[in-house]
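In what follows, a single structure is set out as structure tokens and then discussed.
Taken together, the values in this text are just the output of simple stated rules run on the coordinates, not laboratory data. Fair warning: this is a prediction, and the values are worked out from it, not measured in the lab. All Cβ positions, glycine included, derive from the backbone under ideal geometry; neighbour counts span all protein chains shown.
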Amino acid sequence: MRMDYDTASGPYARYRRVNPKLFERLAQLCRLDAQSRVLEVGSGSGNYISAIAEVRGCQCYGLEPSEGMLANAKARGGAISWTRGSAEILPYTKGFFDLLFCVDVIHHVTGIESFIREAFRVLRSGGVLCIATDSEWTIRKRNPLSVYFPETVEKELARYPSIELLQSAMRREGFSAVEQEIVEMPYLLENPDAYREKAFSCLHLISEEAHTRGMVALCEDLSRGPLHCIVRNALVYATKTEA
């Protein structure tokens, strides 16, 4: 099943929020000031790049293939340059950015090698590429997604590139200091609406029966009180160095 992100842009804008722990780590990866140029690839409704623009005052750019997502991003306001385009062909000049990142996007990129090659091209020497994604471990440990919708696990494992693949591709394209880490944030889940409205792409990959079954169990548990959950991201990041 192929997801229509123009249609899904409404639930994404309503329910997807910046993970403070992930945002903090992204901002730490590169020295950012008012002169820094930052690009988010697959910027969706603009949560992360808008937060960086607001907190760090950088020159910020968002690239997104979905018109619906871009419309929601532009509605946020702010001095961000929005462009419709794909990760495999970045419409920017060589050595333009200090930081290039994507969050929960790399599993939608069909040409990962092309994206990483393009990222190397548009980053300045010393610039940082960061891919926030999921590993097999984080997918299996997702709570509530993998707990209440276990059918999503195999679907996700089939479409997410491995951490090792991303690291190898970065090294082949010339990046150095390739690192990985897990960022975790515990939280209380009180409202199931994001799951009911499928504000997570993997919920579009399972049957309606599986989705309904998971919602019944989730709502039943929530009726007894908030659920203790945790969101995890696997970060893969590297620096562009040139001889």
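Numerical summary
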{"read-out": "Charge dipole of the range 5-240 about the Cα centre (unit charges at C-beta), most positive-ward option of Phe149, Pro186, Gly111", "value": "Gly111"}
{"read-out": "Packing rank of 171-184, 111-124, where each peptide gets the mean count of other beta carbons within 10 Å, highest leading", "value": "111-124, 171-184"}
{"read-out": "Paired Rg and Dmax values of the chain, which use every Cα atom, in angstrom", "value": "17.8, 60"}
{"read-out": "Set of aspartates and glutamates near Lys141 by C-alpha distance (under 15 Å), chain-local residues within fewer than 8 positions excluded", "value": "Glu151, Glu154, Glu156, Glu184"}
{"read-out": "Summed residue charge, Cβ within 15 Å of Arg140's Cβ, Lys/Arg positive, Asp/Glu negative", "value": "-1"}
{"read-out": "Electrostatic dipole magnitude of the range 5-240 [Cβ: Lys, Arg +1; Asp, Glu -1; Cα centre; debye, to 20]", "value": "620"}
{"read-out": "Out-of-range pairs (alpha-carbon distance over 31 Å; input Lys74/Lys198; Lys198/Lys240; Lys155/Lys240; Lys21/Lys74)", "value": "Lys198/Lys240; Lys155/Lys240"}
{"read-out": "Summed residue charge, Cβ within 15 Å of Ala234's Cβ, Lys/Arg positive, Asp/Glu negative", "value": "-1"}
